[in-house]
Amino acid sequence: AAAGNENSRLLFYPASYQGVLSVGWLNTLSDTRHIMANHGIEIDVMAPGTLILSTWPTITGNYYRSIQGSSMSSPLVAGLAGLVFSKYPHYTPDQVAERIRMTCDDISSENNNEEKFLLGRGRINAGRALNKGSLISVRATKIDFYDKGNGNGLFESGETFDVLLTLTNYFRGINYLNVSATTTDPNINISLLPTSVGDIDSLQTIENAYGFRIDISENAPVNYEVNVKIDFSTEDYQDFQWFSIKLNPTYETHNANKIRMTITSKGVIGFNDYLNNLEGDGFRFFDGENLLFEGAFMYGVSSTQLMDAARIEATQSADFITQKQVTIDRPGEKADELGLPGISNAVE
């Protein structure tokens with residue numbers, strides 16, 4: 001899927017979903033990232049996307065046009081996936097994606113040094129993808145977090161989390177895989193690393209193969225995202241993978257009796273990150289599917305004084321800033337779970 005064209009490092013969907021190969025936009029005549037190409041920790045591969053001839057119906061009857069963007073890069077990778085499938089028909093979809101990713105050409109020297117690990121594995125190489133022999137590719141296919149603090153599962157100041165990785169090996173067997181996790185962010189500290197995982201056979205998945213600990217600073221900011229880099233290596237193999245955590249998120253989830261609902265410190269209910277709707281659980285009855293796309297709390301004292309956390313055209317209102325986070329007492333003084341509202345001040 002195309003990774004987007006906003007010169008942004010934010011997640012972009014559907015490219016950022018698990019199981020999707022996220023394709024970034026390179027200039028066609030060089031291996032440089034186009035100035036408008038999205039980049040970041042979720043990019044898997046890059047491909048040319050400038051001045052690509054494509055079908056494009058017009059009123060003049062000319063059905064071809066040179067256009068640009070990650071929407072032109074993504075079809076090149078889709079076509080390569082078809083070629084890989086045709087040569088390796090026994091592959092799973094994940095193996096096809098990993099063969100494309102692991103046979104990319106390194107383009108870090110052609111781009112800004114600060115983007116070295118934000119352009120995936122590099123530019124796709126069809127010849128290498130089809131013809132390279134033995135490959136190694138290990139990915140963390142599941143990451144489990146264990147809250148050693150208050151147990152609410154949120155990454156909050158002063159708390160400690162244990163992290164366990166489930167690792168999957170997609171190609172040939174490996175002896176003594178080395179794994180480590182690092183970050184340059186001062187708001188967390190990572191310990192219990194590096195580690196030698198040992199042997200992993202071809203197509204083997206090992207649960208809890210590697211673990212480490214995250215200690216969160218007492219002074220960590222609110223709604224702050226930290227990126228953690230996982231490095232894999234053997235004698236003839238090096239690779240990396242990112243994951244991110246959000247520190248001190250300004251939302252909590254009620255989960256008492258029949259209703260499960262997320263509440264936020266900014267007056268929004270259901271989800272904290274409209275319109276991605278990944279932060280929170282929405283509104284669920286009896287552990288069923290989410291029943292709420294978006295919700296907000298509103299009140300007013302006159303026709304000219306209205307607290308509105310819902311909508312300003314295409315984005316949520318940012319008229320109020322959080323001064324105190326919403327919390328839930330378990331048990332509460334008057335209920336099994338007692339939600340205590342956050343405090344917001346109007347933005348002048």
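On segment 148-298, 46 percent of the accessible area sits on carbon and sulfur atoms, based on a 1.4 Å probe.
In this structure the amide hydrogen of Leu292, modeled in the peptide plane, comes within under 5 Å of the amide hydrogens of Phe283, none closer than 5 places in sequence on its chain. Taking every C-alpha pair closer than 8 Å and separated by at least 6 residues, the mean separation divided by the residue count of the chain gives a relative contact order of 9 percent.
Put a dot 7 Å past the Cα of Glu279, heading toward its Cβ, do the same for Ile190, and the two dots end up 2.2 nm apart. Computed from the C-beta positions of Ala335 and Tyr64 and an R0 of 45 Å, the FRET efficiency is 0.10 to the nearest 0.05.
Scanning residues 5 or more positions from Gly267 or on other chains, none has an amide H under 5 Å from its amide H, with H placed 1.01 Å from N in the peptide plane. In the context of the full set of protein chains, residues of segment 229-288 present 45 Å² of accessible surface per residue (probe radius 1.4 Å, heavy atoms only).
Along segment 95-106 the Karplus relation, 6.51 cos²θ - 1.76 cosθ + 1.60 evaluated at θ = phi - 60°, assigns HN-Hα couplings of 5, 4, 4, 5, 5, 4, 5, 6, 9, 5, 8, 5 Hz to successive residues, with x for each Gly and Pro.
Please give the helix 70-87 orientation as an angle from the longest Cα principal axis of the chain, in degrees from 0 to 90, rounded to the nearest 10. That works out to roughly 60 degrees.
In Å², and per residue, what accessible area does segment 42-180 have when probed at 1.4 Å with the other protein chains present?
Counting only protein heavy atoms, the per-residue value for segment 42-180 is 49 Å².
For segment 27-77, with all protein chains present and a 1.4 Å probe, just round the carbon and sulfur fraction of the accessible area to a whole percent. Using a 1.4 Å probe with all protein chains present, segment 27-77 comes out at 62 percent carbon and sulfur.
Computed over Cα pairs, the Kirkwood radius of segment 1-102 leads via Stokes-Einstein (1.002 mPa s, 20 °C) to a diffusion coefficient of 150 µm² per second. Once the Cβ-Cβ distance between Thr304 and Thr55 is put in as r, and R0 is 51 Å, what FRET efficiency do you end up with, to the nearest 0.05? The calculated FRET efficiency here is 0.40. Accessible surface of Trp242, taken over heavy atoms with a 1.4 Å probe and every protein chain present, rounds to 50 Å².
Calculate, in nm to one decimal, what Glu114 and Ser134 gain on full extension: separation in residues at 0.36 nm each, minus their alpha carbon distance.
Stretched out fully, the Glu114 to Ser134 stretch lengthens by 4.1 nm.
Accessible area of Arg213 (1.4 Å probe, protein heavy atoms only, ligands and nucleic acids ignored): about 80 Å². Only helical runs count toward this figure. For the chain, summing -39,500 (n - 2.57) over DSSP H runs of n ≥ 4 and dividing by all residues gives -3000 deg cm²/dmol at 222 nm. Available extension along the chain between Thr32 and Phe145 is 37.0 nm, counting 0.36 nm per residue and deducting the alpha carbon span. From the alpha carbon centroid of segment 1-34 to that of segment 144-185 is 26 Å.
The values are calculated or read from the model by the stated rules, or taken from the named source; none is laboratory data. As the structure is a prediction and not an experimental result, all values here were calculated from the model. With ideal geometry, Cβ positions are generated from the backbone for all residues, glycine too; neighbour counts draw on all protein chains shown. Only protein heavy atoms, including side chains, enter the accessible area calculation; ligands, DNA and RNA are left aside. Shrake-Rupley method; radii C 1.70, N 1.55, O 1.52, S 1.80 Å.
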